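*Asks:* So that we are looking at the same thing, I have put the structure below in structure tokens.
Read-outs: derived from the displayed coordinates by stated rules, not from any lab. In this text the structure is predicted, and so the values were computed from the model without any measurement. Ideal geometry is used to build each Cβ from the backbone, glycine not excepted, and the neighbour counts take in all protein chains shown.
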Ligand code: PMP
């Protein structure tokens, strides 16, 4: 017996882990600087850590109240109804829920190239097919409605990543609106705002409140430092009513994740420290990397180093793990997550030495 034909499915390539790299190099994890997965270099929200410890005593019970409380808090924060907040196991889980709610077998989706791999993976899991729109290095990976519309052919879902991973560019709100205007009624524009807190641009949540064809994705993995908890959500159009109740996996996020998320939402100090630190690190990288960099609104910077795999390997030997962006379709680049000053300086030195 075998699984169904999975030949069109490709495994997700995560940034290199610190333990596996430490083993490979024969060093301890503490000796390494890991800036390969856009995690929070300042750690988790301290308030979330306290909440996790407290919640540990009650994990024998299914999460019901905490999930409802988190949904309510997020709805209040974004001025939407509870039904518009689809809490999930990470932003990736929320992408699955959107695909599950929308895609009929054979429906097509449109994703950026280069771009984040999970949109296509999720669509394929749900028997969808995948088309691409290019973002061009020649114009600094600029994101406009026309750039997408040139490739658009009635797809069911169009994914926009703003700020974009790995390029760092944004699609201005007016362009998102124009894109939604120009696409068919049955096309959903998903604006992935996983990195929105690092940017100063207005969020597309405004469009979620106003229209029935835009959804926004958010995560607790980045600015709140809860990547290991797996917590994210989609904000969906008001007209979608009870769709979430029909498609979500029961207890979509764990008790620990929900409690940590609730505490992290109250932790303005940690958010501020993280955002300030990331902005400082971006500037440091633009100023000190001896290669072309792309201005980023996320907690990472894309650097054009020539041979990404070679530079990744050389930096690793020097104890710094960056992201080789070959799997994103950019073999000439690496992506470096914003670190603390010491981490960022070490990474810049390692990459410069490798150039
Ligand atoms: N969207 C983008 C653009 C991302 O980079 C990531 C994380 N790598 C996610 C969504 C999903 O993050 P998570 O599942 O950890 O919430």
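*Asks:* For a footprinting-style exposure proxy, rank 336, 247 by other Cβ within 10 Å, fewest first.
*Replies:* Ordered by Cβ neighbours within 10 Å, fewest first: 247, 336.
*Asks:* Let me ask you something else. Among rounded, prolate and oblate, which fits the range 298-350 when a ≥ b ≥ c are the square roots of the eigenvalues of its C-alpha gyration tensor, a/c under 1.5 means rounded, and a/b larger than b/c means prolate?
*Replies:* Taking the square roots of the gyration eigenvalues as a ≥ b ≥ c, the range 298-350 is oblate.
*Asks:* Hey, another quick one. Based on the inverse mean of 1/r over its pairs of different Cα atoms, what is the Kirkwood hydrodynamic radius of the chain, in Å?
*Replies:* About 20.8 Å for the chain.
*Asks:* For residue 295 and residue 342 in one chain, what is 0.36 nm times their gap in residues minus the Cα-Cα distance, to one decimal in nm?
*Replies:* Answer, rounded to one decimal: 14.8 nm.
*Asks:* Given a Förster radius of 22 Å and the C-beta distance between residue 25 and residue 288 as r, what FRET efficiency does 1/(1 + (r/R0)^6) yield to the nearest 0.05?
*Replies:* Here the calculated transfer efficiency is 0.35.
*Asks:* Using the Kirkwood radius over C-alpha pairs as Rh, can you work out the diffusion coefficient of the range 251-329 via Stokes-Einstein at 4 °C, viscosity 1.567 mPa s, in µm² per second?
*Replies:* Result for D is 85 µm²/s.
*Asks:* Hey, with R₀ at 35 Å, roughly what FRET efficiency would residue 2 and residue 104 work out to, going by the Cβ-Cβ distance, to 0.05?
*Replies:* According to the calculation, E is roughly 0.90.
*Asks:* Any chance you could run the full-extension gain for residue 139 through residue 75? It's 0.36 nm times the residue separation minus the Cα-Cα distance, nm to one decimal.
*Replies:* Value of the extension gain: 19.3 nm.
*Asks:* Something else: Could you give the distance between the Cα centres of the range 252-267 and the range 290-355, to the whole Å?
*Replies:* Centre-to-centre (Cα) distance: 32 Å.
*Asks:* Using the basic label-point model (7 angstrom from Cα toward the beta carbon), what is the residue 246 to residue 353 distance in nanometres?
*Replies:* So the two model labels end up 5.8 nm from each other.
*Asks:* Please arrange 224, 244, 12, 152 by counting, for each residue, the other beta carbons lying within 10 Å of its beta carbon, fewest first.
*Replies:* By the 10 Å Cβ count, ascending, the order reads 12, 152, 244, 224.
*Asks:* Nearest 5 percent is fine: what portion of the DSSP beta bridges confined to the range 46-264 is antiparallel?
*Replies:* Expressed as a percentage, antiparallel bridges in the range 46-264 total about 30.
*Asks:* On to the next question. Sum -39500 (n - 2.57) across every DSSP H segment of at least 4 residues in the chain, then divide by the residue count to get the 222 nm mean residue ellipticity, nearest 500.
*Replies:* The helix contribution divided over the chain gives -11500 deg cm²/dmol.
*Asks:* Under the rule a/c < 1.5 gives rounded, and otherwise a/b versus b/c splits prolate from oblate, where does the range 1-107 land using the Cα gyration tensor?
*Replies:* Oblate is the answer for the range 1-107, as a/c is 1.5 or above yet b/c matches or exceeds a/b.
*Asks:* If I take R0 = 25 Å and measure r between the Cβ atoms of residue 173 and residue 266 in this structure, what FRET efficiency does the formula 1/(1 + (r/R0)^6) give, to the nearest 0.05?
*Replies:* It comes out at approximately 0.35.
*Asks:* Another question, then. Once the range 1-44 is represented by equal point scatterers at the alpha-carbon sites, with solvent omitted, what log10 I(q)/I(0) does the Debye formula produce at q = 0.33 Å⁻¹?
*Replies:* Results for the range 1-44 at q = 0.33 Å⁻¹ read -1.19.
*Asks:* Just to check, using Stokes-Einstein with a Kirkwood Rh over alpha carbon pairs, what's the diffusion coefficient of the range 196-324 at 37 °C and 0.692 mPa s in µm²/s?
*Replies:* 186 µm²/s
*Asks:* Going by how many other Cβ atoms sit within 10 Å of their own, how do 60, 164, 67 line up, fewest first?
*Replies:* Fewest-to-most Cβ neighbours within 10 Å comes out as 60, 67, 164.
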